[in-house]
Amino acid sequence: MPQKDSKLAERYFEAHKGIVTQHLGQYLRGFDDAGFFISEGDKQPYLVIIMGEYYPYTETPADQTKVSDEVKNAMGRSPLVPEYPEHHLDDLYEFVVVKKSIVAPWNDIKILWPDSIVAPDGVY
């Protein structure tokens, strides 16, 4: 996978988190929030797509395919902002998907999170 610009991705997320979350909320049912980190493993910038507790999909392979397709579609339709008119969310970020846990609210369930992706300590 080509290296994405981590600094640009971080600045964009910090400046436009409201736009990012509003956009993803329009296209992803069950969407709750978004986060950001740079993986310590592959050094890529990641959007963390946080789904609500009642999001119907799980970490099964069949569900992971559905989740991946839905998120890719939403990120490809991302809003363009004046600062970075040539970029869409999928140009700036890779993504992972977690679901809030009903039984353990402090421990999100990793729905779509490859083993090679390492979040900084204390993040997910």
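Here are the numbers:
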read-out: Antiparallel %, DSSP beta bridges [both residues in the chain], to 5; value: 60
read-out: Whole-percent carbon and sulfur share, accessible surface of the chain, 1.4 Å; value: 52
read-out: Ellipticity estimate at 222 nm from DSSP helix runs (n ≥ 4, -39,500 (n - 2.57)) divided over the chain, nearest 500; value: -11000 deg cm²/dmol
read-out: Degrees between helix 61-76 axis and first principal axis of the chain (Cα, 0 to 90, nearest 10); value: 30
read-out: Under 11 Å, Cβ to Cβ, from Arg11 - net charge with Lys/Arg +1 and Asp/Glu -1; value: -3
read-out: 0 to 90° range, to nearest 10: angle between helix 6-27 axis and the chain longest Cα axis; value: 60
read-out: Heavy-atom accessible area per residue - the chain, 1.4 Å, Å²; value: 55
read-out: Volume per residue of the C-alpha convex hull in the chain, rounded to whole Å³; value: 106
read-out: In the range 16-124, GluC sites (Glu not before Pro) in a DSSP loop with at most 10 other beta-carbon atoms within 10 Å; value: Glu86
read-out: The range 1-74 - charge dipole about Cα centre, Lys and Arg +1 at Cβ, Asp and Glu -1, debye rounded to 20; value: 300
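The values are calculated or read from the model by the stated rules, or taken from the named source; none is laboratory data. Everything numeric in this text was worked out from a predicted model, so none of it was measured. Because the Cβ atoms are built from the backbone with ideal geometry, glycine has one as well, and the counts that use them run over all protein chains shown. Accessible surface areas use protein heavy atoms only, side chains included; no ligands, DNA or RNA. Shrake-Rupley method; radii C 1.70, N 1.55, O 1.52, S 1.80 Å.
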